[in-house]
Amino acid sequence: DASLEYYFEPVGLVSAGVFLKEMRNFIFTAGGQPIAPGTDNGFDGDYEGFVLTSQRNGGFAKIRGIELAYQQQLTFLLGWWSGLGVFANYTRLETEGDYGATVVRSTSEVAGFTPETGNFGLSYIKGRSSFRIQFNHAGKYLTTFNANQAALLYRMARSTVDIKTRYTLSKRFDVYIDVDNAFSEPDRASVYYTGRPQDMFKMSPQFNLGVNGRL
């Protein structure tokens with residue numbers, strides 16, 4: 001790993017980093033293998049026609065990546081605007097590896113590694129109040145490996161927006177209201193290599209409110 005950081009006065013940071021990781025016997029999810037009929041199918045004849053998904057050890061994997069980040073409180077602005085802040089980060093991966101045999105997958109196709117993630121947000125902190133809105137993105141990635149390319153299973157890209165608010169009542173107490181996934185982005189939307197859908201779960205916004213106390 002190698003990184004470079006620069007700090008702003010009074011509060012802020014910009015950074016960039018690169019990394020290379022090499023692994024052996026990494027764990028991955030393998031699926032798409034139908035269970036055969038007969039008493040010798042490994043399950044005493046049960047589960048005929050089911051598709052078996054299991055955890056296995058792969059061979060060798062190499063992950064290269066770059067990370068960028070920026071955050072700063074804009075205290076140099078005048079008046080009301082001095083409470084604003086901005087933050088962002090971005091990670092990009094390139095992977096290659098084998099699955100303990102002769103099968104090699106490259107460019108984001110080592111199962112379980114997300115090739116692209118990023119976050120961007122704005123905050124406002126002034127007096128007793130704080131407000132934050134954040135955009136989160138995760139790119140499409142391989143979740144379940146199969147030697148048959150048509151049976152490769154991918155998690156689709158997903159972008160969400162979260163909103164967090166807080167108001168300080170006293171030195172010991174504050175109240176908060178948070179909204180996760182404000183625009184109802186579906187979760188766990190998965191497709192096979194050909195684009196055929198596998199599943200999708202509808203996710204409604206989640207509201208959290210409460211009181212924090214400190215001794």
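Can you work out the FRET efficiency for the pair Thr29 and Leu78, with r the C-beta to C-beta distance and R0 = 35 Å, to the nearest 0.05?
Given R0 = 35 Å and the Cβ-Cβ separation, E is 0.05.
Modelled label-to-label distance, Phe50 and Asn208, 7 Å Cα→beta-carbon offset: nm?
3.5 nm
Mind ordering 11-20, 90-99 by average Cβ neighbours within 10 Å, highest first?
Top to bottom by mean Cβ count within 10 Å: 90-99, 11-20.
In a GNM of the chain with a 10 Å cut-off on Cα contacts, which of Gly38, Gly58, Gly83 has the highest mean-square fluctuation?
Sorting by GNM fluctuation, first place goes to Gly38.
Leu84: accessible area at probe 1.4 Å, nearest 10 Å²?
Looks like 40 Å² after rounding.
Can you list the lysines whose alpha carbon is less than 27 Å from that of Lys62, not counting same-chain residues fewer than 8 positions off?
Within the straight-line limit of under 27 Å, Lys62 reaches these lysines: Lys21, Lys140.
Can you tell me the relative contact order of region 64-215? Whole percent, Cα pairs under 8 Å, sequence separation 6 or more.
In percent, rounded to a whole number, it is 15.
When the expected Rg is taken as 2.2 N^0.38 Å, what fraction or multiple of it is the alpha-carbon Rg of region 15-133?
1.75
Compare the Cα positions of Pro186, Phe207, Gly83 along the charge dipole of region 67-215 (+1 at Cβ of Lys, Arg; -1 at Cβ of Asp, Glu; about the Cα centre) and return the one farthest towards the positive end.
So the residue furthest toward the plus end is Gly83.
Rounded to a whole number, what % of the accessible area of region 138-196 do carbon and sulfur atoms account for, probe 1.4 Å?
Solvent-exposed carbon and sulfur of region 138-196 make up 54 percent of the total.
Hey, got the dipole for the chain? About the Cα centre, +1 on K and R Cβ, -1 on D and E Cβ, debye to the nearest 20?
920 debye
If I take R0 = 25 Å and measure r between the Cβ atoms of Thr117 and Ala150 in this structure, what FRET efficiency does the formula 1/(1 + (r/R0)^6) give, to the nearest 0.05?
The calculated FRET efficiency here is 0.40.
By how many nm would the segment from Ile66 to Ser159 lengthen if fully extended, with 0.36 nm per residue of separation less the alpha-carbon distance?
Additional length available on full extension: 31.5 nm.
With Kirkwood's inverse mean 1/r over C-alpha pairs for Rh, give me the Rg to Rh ratio of the chain, two decimals please.
1.10
Any chance you could tell me what percent of the C-alpha pair distances in region 133-215 go past 17 Å?
The proportion of pairs with Cα distances above 17 Å equals 60 percent.
Of Pro37, Tyr47, Leu20, which is farthest on the positive side of the dipole of region 1-82, counting Cα position, with +1 on Lys and Arg Cβ, -1 on Asp and Glu Cβ, and the Cα centre as origin?
Working it through, the farthest residue towards the positive pole turns out to be Leu20.
State the extension gain, in nm to one decimal, for the chain segment bounded by Glu94 and Val11, taking 0.36 nm per residue of separation less the distance between their alpha-carbons.
Computed gain between Glu94 and Val11 is 26.6 nm.
Highest GNM mean-square fluctuation, the chain, Cα pairs closer than 10 Å: which of Ile177, Ile35, Ile163?
Looking only at Ile177, Ile35, Ile163, the biggest GNM fluctuation is shown by Ile35.
The values are calculated or read from the model by the stated rules, or taken from the named source; none is laboratory data. What you are looking at is a predicted structure, and each value in this text was computed from that prediction instead of being measured. Cβ coordinates were reconstructed from backbone atoms using ideal geometry, including for glycine residues, and neighbour counts include every protein chain displayed. These area figures cover heavy atoms from the full protein model, side chains too; ligands, DNA and RNA do not enter into them. Shrake-Rupley method; radii C 1.70, N 1.55, O 1.52, S 1.80 Å.
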